[in-house]
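Here's the structure, in structure tokens; my notes come after.
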Amino acid sequence: MNLFSSKWRQATVVCAAALGAQAAAAAGLDVRVSLAKPVLIGDVDVVVNVTVTNTSRAVQQVAKSQLPGQVQEGALFRISRDGLPVDYTGPLVKRGPRTAADFLSLAPGVSLSYEVELTAYYDLSQNGRYALEYVGLNKHDGAEGLVAATAPTYFWLEGRTAKFTPDLQASQGLNALAGSISYTGNCSSSQKTALQNAVTAATNYSQGATSYLSGAGSGTQRYKTWFGTYSASGWNTAKSHYTSTLDAFKNKPLTLDCSCKQSYYAYVYPTQPYKIYVCNAFWSAPATGTDSKAGTLVHEMTHFNVVASTDDWAYGQSAAKSLAISNPAKALDNADSHEYFAENSPPLP
């Protein structure tokens, strides 16, 4: 399954002379971002060039998913238009903790260059002045990453055709019934049964989390473990997320797709509620408990912009716990943190 279409090449010497190039460097890696033209007119694709160079004397291990030449798991760029954030419309993937196979070795002096078509993954339908930053290498299991975000690269879009956004429920027709579940991607009978059970358990998880957070806010062990230092605003943010998640499971038209054959648990497109694509790891996961089928559905449901608009800053319990300590704000924006709070496995008071 090709979720990210781009061209890439490897070279030992790269010239970054293209117009508008911006760079960031730290810990031996240099990242340069450029566009061939600063002004684009009409409904054309927006193509950006990204070059990552190992400027150190040591081999660097770089997560493949944080480089644009691989299958995309999330937003590798931060884009704004006239100062307002631009929606990421590509997939957000739940996977397990990284293994050695998820990294590539970048030798000293070697560069990787990528040509990335941004319009497939970001809403670039409006005219205006855009600011583009590459942040992919900052998002690595809750760590700060190997490089700082690049300085903004600016470009202008003119003459774009107004975007038509179809009504999701109307486009789904009879399947768009409140609280309904529909299936796509050739789900088998046994898969449908497993998914129905997972939805029921995910609804119960969401109800449990909502009820827990409906009490008086305090720095409970469960809250601090997954969301960090207690604050009334943080508690209320978490409560609103689970309230919306519970409402989605109970009252929205949910579509579950079985076509994914990747090693992931699942993925969604955050601007396309309420369709969840389940993948290979989902089927071997336990029904409930840590990294369960039910928890995976909670994780994915929080990604939808109309639910909680979470991101993937850290994967796995260990990384999620570290994120809660180092950056509570990101923990409250992290889908796995929401899953583990809801699963509460092992139980925390």
Subject >> Full-stretch length increase - Ala216, Ala101 - with 0.36 nm per residue and alpha-carbon distance subtracted >> reply: 36.9 nm
**OP:** Order the following by accessible area, largest value first: Val86, Val47. Probe radius 1.4 Å; ligands, DNA and RNA are ignored.
**Re:** Val47, Val86
Original post:
Which of the trypsin sites (Lys or Arg not before Pro) across the range 254-312 are loop residues per DSSP, with 15 or fewer other Cβ within 10 Å?
Top reply: Lys261
Original post:
In the neighborhood of Gly217, defined by Cβ-to-Cβ distances under 13 Å, what is the net charge if each Lys or Arg adds +1 and each Asp or Glu adds -1?
Top reply: +3
**OP:** Compute the length gained on full extension between Thr184 and Ala162: take 0.36 nm times their separation in residues and subtract their Cα-Cα distance, giving the result in nm to one decimal.
**Re:** 4.9 nm
**OP:** Using the Karplus curve 6.51 cos²θ - 1.76 cosθ + 1.60 with θ = phi - 60°, work out ³J(HN,Hα) for each residue of the range 88-96 in order, rounded to whole Hz, and write x for Gly and Pro.
**Re:** 7, 10, x, x, 10, 10, 9, 9, x
**OP:** Starting from the Cα-Cα distance between Ser318 and Asp123, subtract it from 0.36 nm times their residue separation and give me the gain in nm to one decimal.
**Re:** 66.8 nm
**OP:** For each pair in Lys239/Lys293; Lys224/Lys250; Lys192/Lys321, compute the distance between the two Cα atoms and list the pairs where it is over 31 Å.
**Re:** Lys192/Lys321
Subject >> trypsin sites (Lys or Arg not before Pro) restricted to DSSP loop in the range 33-119 with at most 14 other C-beta within 10 Å >> reply: Arg57
Original post:
Around Phe77, which amide H atoms from residues at least 5 apart in sequence, or from another chain, sit under 5 Å from its own amide H, with H modelled in the peptide plane?
Top reply: Val135
Subject >> Total formal charge among the other residues, if their Cβ is under 12 angstrom from that of Met301, Lys/Arg +1 and Asp/Glu -1 >> reply: +1
Subject >> Accessible surface of the range 220-282 [probe 1.4 Å, protein heavy atoms]: carbon and sulfur percent >> reply: 44 percent
Original post:
For the range 305-344, what does the alpha-carbon gyration tensor say about shape, rounded, prolate or oblate, given a ≥ b ≥ c as the root eigenvalues, a/c under 1.5 as rounded, and a/b over b/c as prolate?
Top reply: oblate
Original post:
Ignoring ligands, DNA and RNA, what accessible area per residue does the range 176-286 give at 1.4 Å, in Å²?
Top reply: 42 Å²
Subject >> Under the Karplus curve 6.51 cos²θ - 1.76 cosθ + 1.60, θ = phi - 60°, whole-Hz ³J(HN,Hα) for the range 38-43, x wherever Gly or Pro sits >> reply: x, 10, 10, 10, x, 8
Original post:
Suppose R0 equals 25 Å; then what is the FRET efficiency for Ala287 and Ser326 from their Cβ-Cβ distance, rounded to the nearest 0.05?
Top reply: 0.20
Subject >> Cβ-derived FRET efficiency at R0 30 Å, Ser263 paired with Asp45, nearest 0.05 >> reply: 0.50
Original post:
Taking θ as phi - 60°, what are the ³J(HN,Hα) couplings along the range 127-135 by the Karplus curve (6.51, -1.76, 1.60), each to the nearest whole Hz, with x for Gly and Pro?
Top reply: 6, x, 9, 10, 10, 10, 10, 8, 10
Subject >> Rounded percent of accessible protein surface that carbon and sulfur make up, the range 29-88, 1.4 Å probe >> reply: 50 percent
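The values are calculated or read from the model by the stated rules, or taken from the named source; none is laboratory data. Predicted, not measured: the structure shown is a model, and the values here were computed from it. In this analysis, Cβ positions are derived from the backbone assuming ideal geometry, glycine residues included, and neighbour counts consider all displayed protein chains. We work out accessible area using only protein heavy atoms, side chains counted, and drop any ligands, DNA or RNA first. Shrake-Rupley method; radii C 1.70, N 1.55, O 1.52, S 1.80 Å.
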